[in-house]
Structures are given as C-alpha cells and as structure tokens.
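Every number in this text was worked out from the coordinates using simple rules, so none of it is lab data. Since the structure is predicted, the reported quantities are computational estimates derived from the model, not experimental observations. Heads up, the Cβs are rebuilt from the backbone with ideal geometry, glycines too, and the neighbour counts pull from every protein chain shown.
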Amino acid sequence: MTVQNEFTTHDAEILPTSPLVEFWNDTLAPKFVKYRHVLEGGLSRHSETVMPLLEIARGDHVLDVGCGFGDTAIAMANRVGPEGRVVGVDCCDAFLDIACNRPERRFAPNVRFESGDAERGLGVAQYDFVFSRFGTMFFSNPVAGLRSMRNALKPGGRMAHIVWRGRKDNPWLIAAGDIVRRYLPAPGADARTCGPGPFSMADEDTTRAQMVAAGFTDIAFQRIDAKVQVGRDIDDAVNFQLAVGPAGETYREAGAEGVARRAEIMLALSELFEGVQAREGGLWMDSSSWLITARAPR
Ligand SMILES: C[S@@+](CC[C@H](N)C(=O)[O-])C[C@H]1O[C@@H](n2cnc3c(N)ncnc32)[C@H](O)[C@@H]1O
C-alpha cells in the first residue's frame, strides 16, 4: 500500500499569498492546532449525523474544501471505496501536515491532500461531489469561492457545505466574545482577520443569493443543532476562548491592553463556564449550523 506523506502545493509560486491565507498560517494555525481537541471534536458533531445522508456514491471523485485536519476527507475516502478518490485542499500547511500524518490515513490510500487557496480555483469539471465543513465562511469573496467549487464539479455534480447559523444560536462562540467586549474595545476596521468570519453565511436569503450567483441549482438548507464541547474543564475553556473566535480576536487585537486586563477577563470567563453543563469529560454548550446542499447545472 502506498501512502503519500507530503501534500502538494499548486499555486504558491504563481501568485503572492493573500492576506487571509497568511493570517491562517501565521496567526491562527498554532492556536487551532493547540485546541484541535475542541475544534475537531465540536465541528464533527455537525457532520457526523449528515455525512451518511450525503449523496456520495462508491467510485465518486470528491473534493473537501478547507479540509483542515483531514478527518472529513478520510471519512469520505472510506465512503467512495478504492475505486473512488478524495482530494482535501486547505490553505494552511500546518493543518495539512496533521492531515497527512493521521494514523487512519494509512488505510485510506485514495485520499490526497493539497495546499491551495480555494478562491483561486479548484480545477474544472473534475469532481462528482464537493464538500466543505465550516470552510466556506472565510472566503474573502464568497461568490468567487463558491463559483470555484461549482466549476470543480462535473455537470450535475452535488455539493454540500456546513456553515454556522446566527450568533444567538451559537452561545459556544458568542457568550465569551460578549464578556471580553465588556473589558476591551471591539477590533478596529484595520484588524487582521481570517476573512468575513464564522457568521458570514448565517443569513439564509443572502447565502442562497450567493449560491445562485455562483451558478448552483436545487439549493436546500437544513438546520443542525448540536452541543459542542468548549473545553475539557473551565481553564481549558477559558484559554480556548482567548485564543480563537470572537473573544480571541478581541483579546488579540487589544494587544497590551488585553494583557493588562487578562486576569479579570479570565475570572469573568471562568464564571461563565461555571454555569455550563459538565459531562463526558468536558463542558458542553449549544451550537447551530446550516447544512446547505446544491447541484451544478447539467
Ligand atoms: C474552521 S476551519 C474548518 C476546518 C475543517 N473543515 C473542519 O471542519 O475541521 C476553516 C478551514 O478553512 C481553511 N480555509 C480558509 N480559507 C481558505 C481558502 N481560501 N482556501 C483553502 N482553505 C481555506 C482554513 O485553513 C481552515 O482549515
């Protein structure tokens, strides 16, 4: 059995890296890797129930956009069987390193990982199914990114992406952000960011219009509610929130002011998590996403 241990890079030498891709690599990557147990564990709660229902058939060629640590790409590689293949693409090399070295990858020789910016093209008419779990909300130009995904599909091919629903249905990210904003100013217009952000596709009408503009048909939205683990314990949850998401962004952008107020912010966050449900070795909060399915025209 041949296992590819390194991912391929296909566009880095042609165009300068976009600021968003730089931000994922130089700022978010170490934080996401540190809190992989929270992120992969939580995000998988939003794919595990729908994954078996997706119209992926044995022998299909599948693309996983913004594949992160690679768990969904490998799960789909098992679905398509040895006669199918899966490509996981991500713009963050540290995530692809982890994806390439997952132990279960040894048993999925039909999956390949590639480094690339999805907004700059994903190939033309190569795939039967294009998937993304929480990867599309960060496109700087959502219609261009979604159009890349549609172009990558063969005529009549299917797509599914999972995106966060609105803030009020996602206290696991928002409650801590609101607390941190009581102590620190909101990030300014010049803040470095990972793109439009986790709630940029929460509005059904806007996202449907973007999908239509990108050329998709048969667009359907299905709500998924799930409890996600926000940390193993209170300390883990507090540190996770200060690293990623709206709380982390506010804290990071505040610089020295944030550091000066870190202790009182941590105390306030601890009080939030003291009131959160503890079970199965962790703290659990509500979250809610859309499963959006669509088709490329025939
Ligand atoms: C929230 S993470 C989700 C990762 C993974 N799909 C999961 O559910 O665990 C978003 C992912 O999208 C990737 N990403 C963001 N913008 C991208 C782009 N323009 N091209 C490729 N990947 C991108 C990030 O590097 C990151 O791995």
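A compact table of results
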| item | result |
| --- | --- |
| The chain pair-distance distribution - Cα-Cα, 10 Å bins, rounded % | 6, 28, 35, 22, 8, 1 |
| Region 134-257: C-alpha pair distances exceeding 22 Å, % | 45 |
| Helix axis angle, 142-152 relative to the chain longest principal axis, alpha carbon, degrees | 30 |
| Whole-number D in µm² s⁻¹ for region 29-157, Kirkwood Cα-pair radius fed into Stokes-Einstein, 4 °C, 1.567 mPa s | 88 |
| On Cα atoms only, tilt of 171-183 relative to the major axis of the chain in degrees | 40 |
| Acute angle (nearest 10 degrees) that the helix 245-254 long axis makes with the longest principal axis of the chain, alpha-carbon atoms | 60 |
| Separation between Cα centres of region 214-270 and region 108-149, rounded to whole Å | 25 |
| Mean separation of Cα contacts under 8 Å, 6 or more apart, over the residue count of the chain: relative contact order % | 21 |
| Directionally averaged shadow of region 144-207, computed from the convex hull of its alpha-carbon atoms, nm² | 6.2 |
| Theoretical ellipticity at 222 nm over the chain - DSSP helices of four or more residues, -39500 (n - 2.57) apiece, nearest 500 | -10500 deg cm²/dmol |
| His46, His37, His61 arranged by Cβ crowding within 10 Å, fewest neighbours leading | His37, His61, His46 |
| Order of Asp117, Asp178 - criterion: other Cβ atoms within 10 Å of each residue's Cβ, fewest first | Asp178, Asp117 |
| Highest average packing first - 182-193, 197-208, 241-252, Cβ atoms within 10 Å | 241-252, 197-208, 182-193 |
| Likely footprinting exposure, Val130, Val50, fewest C-beta neighbours within 10 Å first | Val50, Val130 |
